[in-house]
Structure formats: structure tokens, C-alpha cells
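Here's the structure we're looking at; comments come further down.
The values are calculated or read from the model by the stated rules, or taken from the named source; none is laboratory data. Everything quoted here is computed from the prediction, not taken from an experiment. Glycine also receives a Cβ, built like all others from the backbone with ideal geometry; neighbour counts cover every protein chain displayed.
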Amino acid sequence: MKKAADQDDKVISKTTWQDAEDIRWAVRNWAARIGVKPARVQIRPMKTKWASITTTGGMTFDTDLLKLPKELGEFVIVHELVHLLVPNHGRVFKSFMQAYIPEWELLETQLQTYANKELNGKVPRHTNSNSKKKLKQQL
Ligand SMILES: [Zn+2]
């Protein structure tokens, strides 16, 4: 167990976000790189999600991301932005994630670990047009 944690430390830095504007900047930066244009970007407290996206491309990110290492926030940002290209989590979605963040699967696991440890089990999920119905039932 200890060994795995040491390995993770190599990938995850302790650098965190300065403020909400720092996150906005990263969203704009990644959006340009991926070639998408979010309609609107909001950062506000969310109870059970890290981020959400509307059918019109409006994005909301959770203020709790400010407490996490930057890489994990970037993973959440890229995840949401890729949804502007691919609405589901299928094969095409995964290949986009792989292209932009090669270690995305490790970051996804790390995000879950941080959620359990520091944020009382917040689950790294979000809504999009396809999963809204299902998610409502879970909540
Ligand atoms: Zn998603």
C-alpha cells in the first residue's frame, strides 16, 4: 500500500489553484487547445459533483477543486471540455482523454481517493444531457 502511494506522489504534485480565476484561465487554455468553445463558465460550490455541463455548453465547476492538486482539477476540466465533442464516456471519449492527458486513468483514481479522504466521499461525477435522468435517481 505504501509503495503505491509513493508512486502516486510522483505524478500528483502538491500545487493547488490560486483562485477561481486561475481555474477559468485553465478552462480557456484547454478549450483553445482542444478546439471547443464553452458557452459559459461558472465556478460555484456544488454538493455532489465536481462539474456539470448543460446541453447548450454552459459549464459549472465546483469550488472544492481549489483544494485539490492542480492536475486533478485539470483532469476534471478536460473531462468536461471533451464532452463538448463526445457526450458519452465511450471509446471515442477515452481516446480523446488519452490524447490530452495520457495519465488520465490514474488521475481519475486519485480524484476518488481525495474525495474520500478530504471531502467526505464526494463522488467525481457530473451531469450531461445523457446521464441527467440516471443521476437524479442516484441522488
Ligand atoms: Zn463525463
Self-check item: Members of region 100-110 that are away from the ligand (no atom under 12 Å from the Cβ) and either at pLDDT 95 or above or not polar (S, T, N, Q) (or both)
Solution: Tyr100, Ile101, Pro102, Glu103, Glu105, Leu106, Leu107
Quiz item: If you scan region 63-99, which residues turn out to be touching a residue at least 40 places away in the same chain (Cβ under 8 Å) and away from the ligand (no atom under 14 Å from the Cβ)?
Solution: Thr63, Asp64, Leu65, Leu66, Lys67, Leu68, Pro69, Lys70, Glu71, Leu72, Gly73, Glu74
Exercise. Determine if region 30-52 includes at least one residue that is of a type outside the set (Asp, Glu), exposed (fewer than 13 other Cβ atoms within 10 Å of the Cβ) and at pLDDT below 90.
Key: yes
